[in-house]
Amino acid sequence: MESSEVERVFRECSGRAVATLARRFGDLSLAEEMVQEAFIQALEHWPREGLPASPPGWIITTARRAALDRVRREASRDERQKQSLRLYGPEESEPLDEGPMLDDELRLMFTCCHPALAPSAQVALTLRLIAGLETREIARAFLVPEATMAQRLVRAKNKIRDANIPYRIPPSEELPARLRWVLAVIYFVFNEGYVSSAGTELGRTDLVNEALRLARHLVELMPEEHETVGLLALLLLIEARRPARTAPDGTLVPLGEQDRSLWDPKLIAEGQALVRRCLVANQPGPYQIQAAINAVHADARRAEDTAWEQIVALYDQLLVFTPTPVVALNRAVAVAELRSPSEALTLVEQLGLEPYYLFHAVRADLLARVGRLSEAASAYERAGTLTANQAELKLIERRHHELLARARVLAH
Amino acid sequence: MNQYLLSVHMVEGAAPPSPEVMQKMFADVDAFNQVLQKSGAWIFAGGLQPVTSATVVRIKEGEVLFTDGPFSEAKEQIGGFWVIKAKDLDEALKWAAGATRACGAPVEVRPFQEPAP
């Protein structure tokens with residue numbers, strides 16, 4: 001067994017192990033360290049002795065033993081650990097039951113994504129403790145020095161301990177509000193990976209895979225939460241378009257111009273099945289609606305076959321849940337297709353999205369389509385100054401050049 | 001049980017609200033305090049005079065030194081506070097939500113080092 005294989009199996013179950021130990025010892029840092037310790041032992045034992053029958057069971061048992069040793073050795077350690085030792089007794093061995101372990105993981109997710117923690121800390125904690133990524137890897141993915149990320153993690157763990165952020169699944173009346181934070185963290189991780197993957201930075205696609213893994217896992221843990229299912233469907237349907245999303249030279253290819261034969265049919269099928277599951281449940285929410293919008297796009301073999309009427313109707317529904325100018329901008333893009341660019345332009349002009357590059361890019365496209373070319377040109381210029389993403393920049397530059405060429409033809 | 005400080009942050013020198021608004025605020029805070037006391041979460045609370053009434057005391061070269069005015073020159077100052085008992089941060093945050101609703105100013109929640117007596 002290769003050490004990379006050990007690492008892969010280990011990462012799969014490290015979140016569960018940290019979660020179980022955190023409940024057992026009431027100390028997140030201890031849980032994390034001891035699971036790390038178990039990893040070192042796994043690197044030594046597994047290649048020699050083969051994979052244990054239950055890798056999570058092996059890790060939890062090994063980490064728990066290490067934790068008990070540590071607690072015994074450091075008798076002066078903090079009161080909570082001693083209490084926990086008294087509570088459970090040092091010799092007691094808990095049966096490794098799947099059910100409670102899954103609950104532990106959910107508890108850990110809700111703790112990592114607690115709204116009293118800064119969003120950047122929520123993301124870092126989730127990737128470190130649930131996804132089992134190394135601090136070094138998380139730092140690289142977010143383009144910050146490792147020391148900065150390490151400090152962010154320590155500060156967050158200290159706040160959890162000092163402020164006594166509870167380690168539990170929120171009661172049902174609080175669950176929807178709290179679940180939104182968990183979903184937002186996963187969606188953020190996905191977007192960070194997805195948006196940047198079109199640019200020049202490498203290695204950040206890992207974030208997309210981590211987000212998909214977390215979303216899949218959350219659906220396993222909470223199959224009855226439709227927004228969770230909606231989020232997974234949304235991520236799958238967006239990810240399905242990745243191969244068509246950038247031209248060989250790295251230019252972003254807009255949805256309407258993508259080569260749809262490059263879309264991943266397996267991911268689409270999986271995403272659409274989940275969207276259907278949500279439709280049957282009929283308890284819509286923002287992620288489910290966004291997934292449905294992407295499912296409608298996936299249905300169209302050619303861009304001109306898109307059911308724009310359905311898409312505009314879904315955006316209307318989305319606006320009820322999230323009445324933001326960004327959603328209104330996306331709706332306007334669909335209105336341009338369903339009705340007319342001039343109608344869409346009227347809608348766009350009302351949105352106060354001055355600092356957002358896409359606002360200017362959409363406005364420029366619409367102005368060009370209604371023949372207001374010089375205004376379109378300055379809108380493209382404005383858009384170009386507002387994004388640093390290479391793929392987006394290249395698309396804007398290309399559109400700008402096409403526009404100038406068209407203007408020259410008209411002038412002759 | 002843990003102890004938390006809920007401090008009320010106010011902008012010093014900001015125009016005071018109208019008498020009607022003040023009246024309602026006092027009534028709301030009173031009502032909130034009663035709920036807090038009945039629940040057993042109440043430890044202590046109080047409203048503070050403006051920072052212009054504050055004095056900073058420090059030791060300089062072995063001498064006690066008094067300085068007129070607040071320690072921090074910040075515009076936002078603590079206008080009052082509650083000290084409460086709660087089993088965890090979620091419970092403390094719930095009380096803080098009630099507190100900010102009653103007093104109409106942002107409330108900072110900060111854990112004590114010591115558990116509740």
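The values are calculated or read from the model by the stated rules, or taken from the named source; none is laboratory data. Since we're looking at a predicted model, the values are computed, not measured. Counting neighbours? That spans all protein chains shown, and the Cβs are built from the backbone with ideal geometry, glycine included.
Quick notes on this one:
- Of all the listed residues (A:276, A:301, A:331), the sole one being part of a helix (DSSP H, G or I), touching a helix residue (DSSP H, G or I) at 6+ places or on another chain (Cβ under 7 Å) and without any contact (Cβ under 8 Å) to a residue 60 or more places away in the chain is A:331.
- Checking each residue in the stretch B:14-55 for being surrounded by fewer than 11 Cβ atoms within 10 Å (Cβ to Cβ), within 16 Å of residue B:79 (Cβ to Cβ) and among the small types (Gly, Ala, Ser) picks out B:14, B:15, B:46, B:53.
- Hits in the stretch A:161-177 - residues which are more than 8 Å from chain B (Cβ to nearest Cβ) and among the β-branched types (Val, Ile, Thr): A:169
- Residue check for residue B:83: over 23 Å from residue B:28 (Cβ atoms), under 15 Å from the mean Cα position of the chain (by Cα), away from every other protein chain (no Cβ under 14 Å) and of a type in the set (Val, Ile, Thr): no
- Of all residues in the stretch A:107-122 being more than 13 Å from residue A:186 (Cα to Cα) and in a loop (DSSP other than H, G, I, E, B), the one that is farthest from the other protein chains (Cβ to nearest Cβ): A:118
- Conditions (1) within 14 Å of chain A (Cβ to nearest Cβ); (2) at pLDDT 95 or above; number of the one not met by residue B:116: (2)
- Qualifying residue in the stretch B:67-79 (condition: within 14 Å of chain A (Cβ to nearest Cβ) and within 30 Å of residue B:24 (Cβ to Cβ)): no
- Test: residue B:74 is among the hydrophobic types (A, V, I, L, M, F, W, C) and either at pLDDT below 95 or surrounded by fewer than 10 Cβ atoms within 10 Å (Cβ to Cβ) (or both): yes
- Scanning the stretch A:350-377 for residues that are more than 16 Å from residue A:332 (Cβ to Cβ), of a type in the set (Ser, Thr, Tyr) and surrounded by 15 or more Cβ atoms within 10 Å (Cβ to Cβ) yields nothing.
- Which listed residue, of B:58, B:101, B:110, is away from every other protein chain (no Cβ under 14 Å), under 25 Å from residue A:170 (Cα atoms) and either in a helix (DSSP H, G or I) or of a type outside the set (Ser, Thr, Tyr) (or both): B:101
- For the condition farther than 30 Å from residue A:300 by Cβ and within 14 Å of chain B (Cβ to nearest Cβ), residue A:141 does not qualify.
- Any hit, the stretch A:355-370, residues being of a type in the set (Ser, Thr, Tyr) and at pLDDT 95 or above: no
- Total residues in the stretch A:260-316, condition closer than 20 Å to residue A:245 by Cα, among the small types (Gly, Ala, Ser) and over 21 Å from the mean Cα position of the chain (by Cα): 3
- Only residues that are closer than 20 Å to residue A:176 by Cα, in a helix (DSSP H, G or I) and under 21 Å from the mean Cα position of the chain (by Cα) were counted in the stretch A:317-328, giving 2.
- For residue B:75: the one exception among (1) more than 29 Å from residue A:115 (Cβ to Cβ); (2) basic (Lys, Arg); (3) touching a residue at least 12 places away in the same chain (Cβ under 8 Å): (1)
- All positions within the stretch A:141-178 that are assigned to a helix (DSSP H, G or I), buried (at least 19 other Cβ atoms within 10 Å of the Cβ) and without any contact (Cβ under 8 Å) to a residue 60 or more places away in the chain: A:149, A:152, A:153, A:156
- Residue B:10 being in a helix (DSSP H, G or I), away from chain A (no Cβ under 14 Å) and more than 24 Å from residue A:167 (Cβ to Cβ): no
- Of residues in the stretch B:1-13 being farther than 24 Å from residue B:69 by Cα and in contact with a helix residue (DSSP H, G or I) (Cβ under 8 Å, 6 or more places away or on another chain), the one surrounded by the fewest Cβ atoms within 10 Å (Cβ to Cβ): B:2
- Filter pass, residue A:116 being surrounded by fewer than 19 Cβ atoms within 10 Å (Cβ to Cβ) and touching a residue at least 24 places away in the same chain (Cβ under 8 Å): yes
- Criterion violated by residue A:213 - all others in (1) at pLDDT below 90; (2) on the phi < 0 side of the Ramachandran plot satisfied: (1)
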